[in-house]
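Chemist: The structure follows.
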Amino acid sequence: MREIFDRLDGENVIHIEVDLDADDYKESNSWLFSVFIKFDSFDESKEGFEEFLEFKESLILGLEHEGQVKYVGSRVIDGWSELYFYASTSKELDSMATAILRGSGYVYESNVVKDPKWNFYDLRLCPNELELAHIQSAKIIFLLEEEGDDLSIKREVEHYISFETPTQKNRFLNTLDLEGFRFKDDISFEEFEHGVALVKEHSVEYAEVKKTVEELFEKVKLERGYYEGWSTILVESDEE
């Protein structure tokens with residue numbers, strides 16, 4: 001399952017695509033193979049954007065078809081699309097990529113290094129806890145838009161939090177000082193039974209949700225809790 005998100009690295013925004021199911025291939029693939037192509041695959045206004053996406057998928061399929069190679073994700077930095085694969089052997093990886101890339105018209109580079117613990121995948125591609133929350137937010141917002149929701153209309157939004165112990169939960173509630181949030185109910189989750197639902201009224205435009213989630217996430221982490229996501233009702237505009 002591929003997910004897409006942005007990561008801030010200093011002043012630079014890195015656009016990342018990652019296959020979160022790639023963990024299944026860790027035991028048998030210890031070589032990290034990188035292919036850098038001079039093209040910004042996140043700039044939809046760029047000439048040849050659709051053609052590049054098609055070429056990217058053909059490159060992925062071509063390399064995976066040739067042997068024990070698994071595409072795990074990509075990053076876009078400074079106009080370069082960096083594609084990453086893990087393979088069971090380092091032999092002929094460069095030649096396989098060159099056979100596909102030769103004649104494509106793209107400027108490219110490739111490299112292969114030993115990475116048996118998949119450190120690059122875990123540290124440079126996989127989303128952290130907060131980034132996963134933003135990914136889930138984007139999915140909910142997309143579904144609301146598909147149903148005709150007016151994202152700009154404020155409504156009650158429930159935010160869910162879990163803790164490993166009741167002491168952590170109670171301390172969090174007793175020290176909660178975020179404006180607009182109020183306690184709604186005690187809830188439980190499959191992994192941690194000590195959970196709460198908080199409510200705040202706000203729009204569900206992405207920038208507003210992102211800001212709200214980050215503020216709450218910071219407070220939750222102070223008590224070693226886990227942000228579990230949010231939900232809301234569908235609100236349609238009264239305008240014709």
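Chemist: In the chain, if every C-alpha pair distance is counted and binned at 5 Å from zero, what percent goes to each bin?
Modeler: Histogramming the chain at 5 Å steps yields 1, 6, 12, 14, 14, 13, 11, 10, 8, 7, 4, 1, 0 percent.
Chemist: Taking H placed 1.01 Å from N in the peptide plane, check which residues at least 5 places from H194 or on another chain put their amide H under 5 Å from its amide H.
Modeler: Residues meeting the criterion, in which the H sits 1.01 Å from N, are F163, F189.
Chemist: For K117, list the lysines whose Cα falls under 28 Å from its own Cα; do not include residues on the same chain fewer than 8 positions away.
Modeler: Filter leaves K26, K56, K70, K91, K221.
Chemist: Let me ask something else. When the chain is fully extended, how far beyond the present Cα-Cα distance does R102 get from D24, taking 0.36 nm per residue of separation?
Modeler: My answer for the length gained is 25.0 nm.
Chemist: What are the semi-axes of the equivalent ellipsoid for region 96-184, taken as the square roots of 5 times the Cα gyration tensor eigenvalues, largest first, in whole Å?
Modeler: 43, 24, 9
Chemist: Give the long-range amide H neighbours of S203: residues separated by 5 or more places, or on another chain, with amide H under 5 Å away, using H modelled in the peptide plane at 1.01 Å from N.
Modeler: Here the answer is R155, since their amide H atoms fall under 5 Å of that of S203.
Chemist: So if I take the centroid of the Cα atoms in region 93-115 and the same for region 174-240, what is the distance between those two points in Å?
Modeler: 45 Å
Chemist: Still on this structure, please answer the following. Going 7 Å from the Cα of E129 along its beta-carbon direction, which residues of region 196-240 have the amide nitrogen within less than 14 Å of the resulting point?
Modeler: Residues 214-229 fall inside that zone.
Chemist: Could you work out the helix-only [θ] at 222 nm for the chain, with each DSSP H run of four or more residues adding -39,500 (n - 2.57) and the total divided by the number of residues, to the nearest 500 deg cm²/dmol?
Modeler: After summing the helix terms and dividing by residue count, I get -9500 deg cm²/dmol.
Laboratory data are not the source of any read-out in this text; all were calculated from the coordinates shown. On a predicted model such as this, the values are computed, not experimentally measured, just so you know. When we count neighbours, we look across all protein chains shown, and the Cβ atoms used for this are built from the backbone with ideal geometry, even at glycine.
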